[in-house]
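J.: Supplied in structure tokens, the structure appears directly below.
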Amino acid sequence: MKISLGAKTLAQPAPLWIVGSYDEDGRANAMAAAWGGICCSKPPCITVSLREDRHSYASILARRAFTISVPSARFAAQADYFGIASGKDVDKFAATGLTPVRSELVDAPYVGEFPLVLECTLLRTVELGMHIQFIGEIVDVKAEEDVLDEKGYPDAAKVRPLIFTPVTRAYHTVGDYVGQAFEIGRSFGEKS
């Protein structure tokens, strides 16, 4: 029997992404965000929701660009720090020892050590309440060669992206391979 938990942000999983931007002084900044996902296939778009009081908010609006750096599990502590400290007060890259890399395609930095990066131009914003949704068109995806599968795409088992569990505030990573999407359920459509 299911028990009602009320209206809460309990959908699982939520990604742990590091959103990169340049602040008003031109300094590389990044913040942790978990409210996001793919929102369109053509053009390829991603969404991330931020609160207006975040240091990154005005920077993304001003530069009309942001990056999404996907941290692997080995960088969990550094990624968590990006969500603890504010770029108003501290240089998070210097504090964590991570490298801000200037994108050649958009006006935003990404985290050099993280295995997967999406470079985005800001298409629009949507006011939702406490958060403002930023919709970015993905202009390029960069990945370390060692996280690619035999077809040249990022392999989740190799990237080992962090997953955030809302409310309990816990990080996890991907689990066991279950099966191939759009194949394992085909038997339900077959007639006997």
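J.: Mind listing whichever residues of region 29-49 are touching a strand residue (DSSP E or B) at 6+ places or on another chain (Cβ under 9 Å) and either of a type in the set (Lys, Arg) or under 14 Å from residue 88 (Cβ atoms) (or both)?
T.: 29, 30, 31
J.: Can you tell me which residues in region 9-63 are assigned to a helix (DSSP H, G or I) and of a type in the set (Ser, Thr, Tyr)?
T.: Hits for region 9-63 are 56, 57, 59.
J.: Scan region 174-182 and give yes if some residue there is in contact with a helix residue (DSSP H, G or I) (Cβ under 8 Å, 6 or more places away or on another chain) and at pLDDT 95 or above, otherwise no.
T.: no
J.: Can you tell me which residues in region 34-76 are over 10 Å from the mean Cα position of the chain (by Cα), hydroxyl-bearing (Ser, Thr, Tyr) and either buried (at least 16 other Cβ atoms within 10 Å of the Cβ) or closer than 26 Å to residue 24 by Cβ (or both)?
T.: Listed by number, the residues that qualify are 49, 56, 57, 59, 72.
J.: Out of curiosity, is residue 111 under 15 Å from the mean Cα position of the chain (by Cα), crowded, with 20+ Cβ neighbours inside 10 Å and either closer than 19 Å to residue 60 by Cα or polar (S, T, N, Q) (or both)?
T.: Here the answer is yes, as residue 111 does meet what is asked.
Okay, residues lined up against (1) buried (at least 17 other Cβ atoms within 10 Å of the Cβ); (2) basic (Lys, Arg); (3) within 26 Å of residue 55 (Cβ to Cβ):
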position	(1), (2), (3)
78	yes, no, yes
84	no, no, yes
130	no, no, yes
157	no, no, no
163	yes, no, yes
180	no, no, no
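The values are calculated or read from the model by the stated rules, or taken from the named source; none is laboratory data. Note that the structure is predicted; figures quoted are calculated from it, not measured. Note: ideal-geometry Cβ built from the backbone for every residue, glycine included; neighbour counts use all protein chains shown.
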